[in-house]
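J.: Below: one structure in structure tokens.
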Amino acid sequence: MAPQLTAAVIGASGIGKHHAKWLQRLGCSVTGFAGTSPDSVAATTAKLQDLCGFEGTGYPSVEELFAAGTYEIVNVCSPEELHYEHFMAALDHGAHVMCEKPLVYDADLPLDEMLRQAAEMVAAADETGRVAAINTQYVGAADAYRTFMAERGAETGTPRSFFMQMESRGGSEGTDREQIWVDLGPHPLSVLMGFCGPGEMDETSATCTVERKVVEAEFDYVMECGGVCRAHIVCRNRPEGDLVRRFGINDALVDYEGRNDDAGIYRAYLSHDGDETCAQDFVEASVERFVAAVRGDVQRPLATAAEGLRNLNMHLRLLDMAKRI
């Protein structure tokens, strides 16, 4: 049996509660989480108990979380403007770290400072020898797509073009303009990297338009292995109606949705021309690969912090050049 790893989550009320759920289901002992106040800790504790039978302790600050115990794994799911601080604190604690996307974002900081912080996070993880991952979980969609298309006998070939449209309801705040790109943009960029491998954006070819409910970007992605893939990304907030989540390469597109299967397990579903397949939930797969990398069962997580930095570089530079309508 794999050794039980002690784990903590910073920010467990939103996506962090699902990190806690998957960590526990993967055999980790989630013994603590950090909130922001006694009231938030009480509310989150109740959520976690209902969701995954949480028996640990919540703390009203990160400092109190780390003072109270030792954690081999820390998942950083706090607001993006706190990622740098919490990621570095987890490394100082001696933990392996998974960070929610984007690796860094603070609207009050200039682009170069955000990229400097992100580079410092990657370097610090390398220096300590800790596993450092970013939860751009949709990178797993590229492999699911390839498997699905191969099963159908479709040959998509080397990526020459990439398209992804991603829509979300959003919350009561942050559903307009730049925040749409901050929230959703890292996902299609990660899928592009999953299809094409390492590379960089040709900024001379890039355009980005920010409107009230939609952000659209186009650019050439120059692959390290050779060749260029033309990327077209649409991120949209859709308050009502059916959400569109569609992606693919070379004009062979699939639709994606997440839903429970017949056994009540949340899965990822891809469909194309009336055919459908299901795959492991991408968040589950991302957390699972991170834990496996910490245990030494696999060489690397699904998406490394270094790949998060590459993603962030494109993410921020597109936003910086955006035309706002």
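J.: Let me see the pair-distance distribution of the chain: every alpha carbon pair, 20 Å bin width, integer percents in order.
T.: That works out to 32, 60, 8, in percent per bin.
J.: Quote the convex hull volume per residue of segment 6-135, based on C-alpha atoms, as a whole number of Å³.
T.: Normalising the Cα hull of segment 6-135 by residue number yields 92 Å³.
J.: Here's another thing I want to ask about it. Out of segment 220-301, which GluC sites (Glu not before Pro) are coil in DSSP terms and have no more than 11 other C-beta atoms within 10 Å?
T.: E224, E240
J.: Once the Cα atoms of helix 15-25 and of the chain are each reduced to a long axis, what angle between those two axes, in degrees from 0 to 90 to the nearest 10, is obtained?
T.: Between helix and principal axis, roughly 70 degrees.
J.: How far, in degrees from 0 to 90, does helix 111-128 lean away from the longest principal axis of the Cα atoms of the chain, to the nearest 10?
T.: With both axes taken from Cα atoms, the answer is about 60 degrees.
J.: Here's another thing I want to ask about it. Along Cα→Cβ, 7 Å out, is where each label goes; now give me the distance between the ones at T156 and D202 in nm to one decimal.
T.: It works out to 2.2 nm between the two label points.
J.: Could I ask something else about it? Counting only DSSP beta bridges with both residues in the chain, what percent are antiparallel, rounded to the nearest 5?
T.: Counting only bridges with both partners in the chain, antiparallel ones make up about 55 percent.
J.: Separate question: Please order I15, I73, I325 by the number of other Cβ within 10 Å, starting at the fewest.
T.: So the ranking, lowest neighbour count to highest, is I325, I15, I73.
J.: What distance in nm separates the two pseudo spin-label positions at T209 and R25, each 7 Å out from Cα along the beta-carbon direction?
T.: 4.0
J.: Beyond 20 Å, how much of the Cα-Cα pair distribution for segment 114-204 remains, as a whole percent?
T.: The answer is 55 percent, as a whole percent.
J.: How large is the translational diffusion coefficient of segment 174-325 in µm² per second when you combine the Kirkwood radius over alpha carbon pairs with Stokes-Einstein at 37 °C and 0.692 mPa s?
T.: 192
J.: How high is the relative contact order of segment 6-135, in percent, with contacts defined as C-alpha pairs under 8 Å that are six or more residues apart?
T.: So the answer I get is 22 percent.
J.: Specify the residue with the greatest mean-square fluctuation among N260, N75, N313, computed from a Gaussian network of the chain linking alpha-carbon atoms under 10 Å apart.
T.: N260
J.: Same structure, new question: Looking at the chain, how many pairs of lysines come closer than 28 Å at the Cα, when each pair is eight or more places apart or spans two chains?
T.: The number of close lysine pairs in the chain is 9.
J.: Give me the one-decimal nm value for the distance between modelled label points at R300 and K323, 7 Å along each residue's Cα-to-Cβ direction.
T.: Here the answer is 3.6 nm between the modelled labels.
J.: Here's another thing I want to ask about it. Taking a point 7 angstrom from the Cα of D50 along the C-beta vector, which residues in segment 23-40 have backbone N less than 16 Å away?
T.: The answer is 40.
J.: Now, a different point. Helix 83-92 versus the longest principal axis of the chain: what angle, 0 to 90°, nearest 10, using Cα atoms?
T.: Helix 83-92 sits at roughly 50 degrees to that axis.
J.: If you rank T136, T128 by fewest surrounding Cβ atoms within 10 Å, what's the result?
T.: With the fewest neighbours first, T136, T128 line up as T128, T136.
J.: Here's another thing I want to ask about it. Using just the helices of the chain, give the 222 nm mean residue ellipticity in deg cm²/dmol: DSSP H runs with n ≥ 4 each add -39,500 (n - 2.57), and the total is spread over all residues, rounded to 500.
T.: So the calculated ellipticity at 222 nm is -11500 deg cm²/dmol.
J.: Let me ask you something else. Any idea what the relative contact order of the chain is, in percent, if you count C-alpha pairs under 8 Å spaced at least 6 apart?
T.: The value is 17 percent.
J.: Once fully extended, how much extra length lies between E81 and E64, figured as 0.36 nm per residue of separation less the alpha-carbon to alpha-carbon distance?
T.: Result: 4.1 nm gained on full extension.
Since every read-out is calculated from the coordinates, none of them should be taken as a lab result. These figures come from a predicted structure and were not determined experimentally. Using ideal geometry, Cβ is built from the backbone for each residue, glycine included, and neighbour counts are taken over all protein chains shown.
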